[in-house]
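Visitor: Starting off with a structure, shown below.
The values are calculated or read from the model by the stated rules, or taken from the named source; none is laboratory data. Since we're looking at a predicted model, the values are computed, not measured. Here Cβ is always computed from backbone atoms with ideal geometry, including for glycine, and neighbour counts include all displayed protein chains. Areas reflect the complete protein model, heavy atoms only, side chains present, ligands, DNA and RNA absent. Shrake-Rupley method; radii C 1.70, N 1.55, O 1.52, S 1.80 Å.
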Amino acid sequence: MFPHPACLEAGTRRERSAYPPVMASVISRTNKIGEVVSHQVKWRLGGGRTAPWQTERFDGGEDGRKAAEIFCQAVNDCGQQWPPGWVKGVGYVDPNAGETDERRYRFREYALTFVENKTGVEDHYREACKGDLARWIFPTFEHCDVRSVEHFSHDTIQAWVRKLEQTKVHKGQKPKNGEPKWRTMSPKTIRNLHGLLFSVLQRAVEAEPPLRARNPCELTRLPRTDDDSADGEDIEFLTPDEVEGILECLERRSDRELCIIKYGTGMRWGEISALCPAQLIDWNTGKPKIRVMRAWKKDGSGGYKIGAPKSKKSRRTIRVSLSVVDSVQRLGGENLQNGERLFFTGEAGQRLHYSTFYDRWMRAVVRAKARGLLPQYKNPTPHDLRHSHAAVLISEGRGLTYVQRRLGHESIKTTSDTYGHLLPEADDEAMVVIDRSLGRRPPEVGLMEAEDRNDRSRVHVVHMDGESKSYVQAFWSHSDASAVADQWQLDHPEDFVRVETMAADWWRRQQTNGLKDVRSEMPQRLRIWIGSALYMLDGSPFSTGVDIESVADRWTWEWEDRFTGRDVLTSVTHEPGMLALTRATAWGCTREKVTAAFARVREEALSAVSAHPARGGSGEPVA
């Protein structure tokens, strides 16, 4: 019989630890009149002093007490792990679960079951995951046991990543003649494969009962995406003249119109190749728009179908210029009789394949270089028209939030990582900060910026609207307000952020302090570490979807509650509401001190649970 790996793992930790494990115990729960209503078995997973608490509940009475004691002994026998075959809240589902059906814990069967049962994904993604498993992960881990700390450890995962770093791959299918262009696997691909393995093992960690105490993938040091090799795909930003040069070298009129629309809208290939007249909005007005509501997608069977765009934020409506309108009109324009007609098709009137257009595009690139219309060092792809569209917007002063919404990026982090270096004001502001830090007087602020900061007739207000909290901050300088709005959106991608300019006199009349709180310079922003945990009346942890045992970093602005320059602060508070929760929090600028304080404050919170007003306590804050 294969020994339960959780027991092996716990035993290994005990040998390394200088402290004895925290053993499971039985706690009797009583009501207000002193009657025993239930028995709870409580222990720390694996026996570690800072490991997460685990609980199981049994009925009151003598029978419940005996059952709790038997289960408690089973937990101790398994090294403070859930006994094999036990399901939380149910009991043993199979008396022989620890001895039979071992095959379902082999990585191949476990991973395929995980992918097959995954919800909220499309069929083509599911098939892609299966393909990645078969090609890159099964050759190493196919017959391993997901419960084994020997099969899946920091060393085995790191060795597998190292092997991927040395693997040579090629893009697309092999050519009919000659060898493909081989290159090392990109850091992004390695990260994606590691993420797939991580998700499978995380399912084993979160199983009930858990099959593993931790996910070894958490410890892996992955290659940085900005360390991509020279053979990786670099973005080529094209100037308007270079775009025009490539357009001149395209042989087909429809290809030229496609490039004009792609460059003018920034749409993805799957979106623009599915473009039809039904997507044209307000077409005969002064503000024509295209509603991006469909795209070509893989159907999971090797073919394609028209479906929704890439993500929720990809479904968007974008204004288009007159040049784009003219191109659409030359392709047939608005057609109420045949609204589903594709503007761009292949030879048989079906979907225009990317590879077909790509070949024609590359021939035009070669001709543009030969005619001196494109630099020899640039090798743009059709997708670079989308990047160049974003570059034009940023060069004209549009912020990252605007670019994100126009391109349909799900997260502004994607926009920032791709185009943030193009922000025209970034270098100027950085140079001022560097000179100031070196004790030099910074160069004179530009005339427009000086006028902006000295203008007291207008106030620029940043609205930061989140699900739990909203903030409003006013600035004299529009550049300061825009910088704060962009940074807040990066820190809180789910919030809605906007900058509103209004008359200072009107703003003064709306505020209690008038114009005293309008900021004349950039506010402070500090990186802090924070840990927060919630506990119920019975002392069991209450999960909000965030790992309550971890301490994470976050950036805070000076108007936020947790903003501090101190090493560490702590608090234990009783939360209002029917759940009667008690919160333990530690935060500060020094990670080590916050981590240590978080462990202490969690113990304080457990001691303070009995003082919650819902239990008849005073309800006074504990710290």
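Visitor: Residues being surrounded by fewer than 21 Cβ atoms within 10 Å (Cβ to Cβ) and among the β-branched types (Val, Ile, Thr): count how many of those fall in segment 402-420.
Guide: Counting residues in segment 402-420 that are surrounded by fewer than 21 Cβ atoms within 10 Å (Cβ to Cβ) and among the β-branched types (Val, Ile, Thr) gives 2.
Visitor: Sticking with this structure for a sec: Residue under question is residue 417, and the condition is that it be assigned to a helix (DSSP H, G or I), within 29 Å of residue 515 (Cα to Cα) and modelled with pLDDT under 80; does it hold?
Guide: Details: assigned to a helix (DSSP H, G or I): yes; within 29 Å of residue 515 (Cα to Cα): no; modelled with pLDDT under 80: yes.
So residue 417 does not fit the description; no.
Visitor: Of everything in segment 359-392, what is within 32 Å of the chain's Cα centre (by Cα) and open to solvent by 80 Å² or more (accessible area, probe 1.4 Å)? Give them in sequence order.
Guide: Hit for segment 359-392 is 379, nothing else.
Visitor: How many residues does segment 25-39 hold that are within 28 Å of residue 596 (Cα to Cα) and either touching a Leu at 6+ places or on another chain (Cβ under 6 Å) or not aliphatic (A, V, I, L, M) (or both)?
Guide: Residues in segment 25-39 being within 28 Å of residue 596 (Cα to Cα) and either touching a Leu at 6+ places or on another chain (Cβ under 6 Å) or not aliphatic (A, V, I, L, M) (or both): 1 in total.
Visitor: Further question on the same structure: What are the pairs, 6+ residues apart or on separate chains, where a residue within segment 118-133 that is more than 16 Å from residue 191 (Cα to Cα) has its Cβ under 8 Å from a residue that is modelled with pLDDT of 85 or more and of a type in the set (Asp, Glu)?
Guide: Listed by first residue and then by second, the contacts come to 126/116.
Visitor: Can I ask one more? Among the residues of segment 308-338, count how many are of a type in the set (Gly, Ala, Ser) and over 20 Å from residue 265 (Cα atoms). Quick ask: steps written out before the conclusion?
Guide: Let us first name the residues in segment 308-338 that are of a type in the set (Gly, Ala, Ser), namely 308, 311, 314, 321, 323, 327, 332-333.
Subsequent filtering for residues that are over 20 Å from residue 265 (Cα atoms) retains none.
Qualifying residue count, segment 308-338: 0.
Visitor: A follow-up question, please. For segment 277-292, check the following and say yes or no: at least one residue is open to solvent by less than 20 Å² (accessible area, probe 1.4 Å) and either of a type in the set (D, E, K, R) or closer than 28 Å to residue 130 by Cβ (or both).
Guide: The initial filter retains those residues of segment 277-292 that are open to solvent by less than 20 Å² (accessible area, probe 1.4 Å), namely 277, 279-280, 283, 288, 290, 292.
Filter once more, keeping what is either of a type in the set (D, E, K, R) or closer than 28 Å to residue 130 by Cβ (or both): none.
The answer is no, given that none of the residues of segment 277-292 is open to solvent by less than 20 Å² (accessible area, probe 1.4 Å) and either of a type in the set (D, E, K, R) or closer than 28 Å to residue 130 by Cβ (or both).
Visitor: Being modelled with pLDDT of 85 or more and either surrounded by 13 or more Cβ atoms within 10 Å (Cβ to Cβ) or under 28 Å from the mean Cα position of the chain (by Cα) (or both): is that true of residue 274 here? Steps first, please.
Guide: Numbers: modelled with pLDDT of 85 or more: yes; either surrounded by 13 or more Cβ atoms within 10 Å (Cβ to Cβ) or under 28 Å from the mean Cα position of the chain (by Cα) (or both): yes.
Taking the combined requirement at face value, the residue satisfies it.
A quick yes/no check of all residues on (1) at pLDDT below 85; (2) buried (at least 17 other Cβ atoms within 10 Å of the Cβ); (3) among the aliphatic types (A, V, I, L, M):
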{"site": "465", "(1), (2), (3)": "no, no, no"}
{"site": "470", "(1), (2), (3)": "no, no, no"}
{"site": "490", "(1), (2), (3)": "yes, yes, yes"}
{"site": "494", "(1), (2), (3)": "yes, no, no"}
{"site": "517", "(1), (2), (3)": "no, no, no"}
{"site": "520", "(1), (2), (3)": "no, no, no"}
{"site": "525", "(1), (2), (3)": "no, no, no"}
{"site": "531", "(1), (2), (3)": "no, yes, no"}
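Visitor: Tell me yes or no: at least one residue of segment 239-249 is modelled with pLDDT under 90, assigned to a helix (DSSP H, G or I) and surrounded by 15 or more Cβ atoms within 10 Å (Cβ to Cβ).
Guide: If we filter segment 239-249 for residues that are modelled with pLDDT under 90, which is where we start, we get 239-241.
This time we only want the ones that are assigned to a helix (DSSP H, G or I), so: 240-241.
Remaining after also requiring surrounded by 15 or more Cβ atoms within 10 Å (Cβ to Cβ): none.
So far as segment 239-249 goes, no, none of its residues is modelled with pLDDT under 90, assigned to a helix (DSSP H, G or I) and surrounded by 15 or more Cβ atoms within 10 Å (Cβ to Cβ).
Visitor: Of all the strands (runs of 3 or more DSSP E) wholly in segment 449-544, which have at least 3 residues that are over 28 Å from the mean Cα position of the chain (by Cα) and either free of Cβ contacts under 8 Å to residues at least 40 places away in the same chain or closer than 27 Å to residue 397 by Cβ (or both)?
Guide: Details: elements: 458-465, 470-475, 496-503, 525-535.
Filter on segment 449-544 gives 458-465, 496-503.
Visitor: Ok, one more. Hey, could you check segment 336-345 for residues that are surrounded by fewer than 14 Cβ atoms within 10 Å (Cβ to Cβ) and assigned to a loop (DSSP other than H, G, I, E, B) and say which is modelled with the lowest pLDDT?
Guide: Kept after step one, since they are surrounded by fewer than 14 Cβ atoms within 10 Å (Cβ to Cβ), are these residues of segment 336-345: 336-340, 345.
Remaining after also requiring assigned to a loop (DSSP other than H, G, I, E, B): 336-340.
Details: 336: 78, 337: 83, 338: 86, 339: 87, 340: 90.
So, considering only residues that are surrounded by fewer than 14 Cβ atoms within 10 Å (Cβ to Cβ) and assigned to a loop (DSSP other than H, G, I, E, B), the one modelled with the lowest pLDDT is 336.
Visitor: For residue 47, only one of the following conditions fails: (1) at pLDDT below 85; (2) open to solvent by 20 Å² or more (accessible area, probe 1.4 Å); (3) under 20 Å from residue 602 (Cβ atoms). What is its number?
Guide: Unmet for residue 47, out of (1) at pLDDT below 85; (2) open to solvent by 20 Å² or more (accessible area, probe 1.4 Å); (3) under 20 Å from residue 602 (Cβ atoms): (2).
Visitor: If you scan segment 152-171, which residues turn out to be of a type outside the set (Ser, Thr, Tyr) and touching a residue at least 40 places away in the same chain (Cβ under 8 Å)? Lay out the reasoning, then the answer.
Guide: Pass one, segment 152-171, residues of a type outside the set (Ser, Thr, Tyr): 152, 154-155, 157-166, 168-171.
Of everything in segment 152-171, those that are of a type outside the set (Ser, Thr, Tyr) and touching a residue at least 40 places away in the same chain (Cβ under 8 Å) turn out to be 152, 154, 157, 158, 161, 165.
Visitor: So, in segment 199-226, how many residues would count as being surrounded by 18 or more Cβ atoms within 10 Å (Cβ to Cβ) and either of a type in the set (A, V, I, L, M) or assigned to a helix (DSSP H, G or I) (or both)?
Guide: Total satisfying the criteria: 8.
Visitor: A further question follows. If I filter segment 31-44 down to residues being of a type outside the set (A, V, I, L, M, F, W, C) and closer than 19 Å to residue 537 by Cβ, which single residue comes out as surrounded by the most Cβ atoms within 10 Å (Cβ to Cβ)? Outline the logic, then answer.
Guide: Residues of segment 31-44 that are of a type outside the set (A, V, I, L, M, F, W, C), as a first pass: 31-32, 34-35, 38-40, 42, 44.
Now restrict to residues that are closer than 19 Å to residue 537 by Cβ: 31-32, 34-35, 38-40, 42.
Values: 31: 10, 32: 7, 34: 6, 35: 9, 38: 18, 39: 24, 40: 18, 42: 19.
The residue in question is 39.
Visitor: Restricting to segment 562-609, count the residues that are in a loop (DSSP other than H, G, I, E, B) and in contact (Cβ under 8 Å) with a residue 40 or more places away in the chain. Write out each step before concluding.
Guide: Initial filter on segment 562-609 (in a loop (DSSP other than H, G, I, E, B)): 562-568, 575-581, 589-590.
When the remaining residues are screened for being in contact (Cβ under 8 Å) with a residue 40 or more places away in the chain, the result is 575, 579-581, 589-590.
Qualifying residue count for the region: 6.
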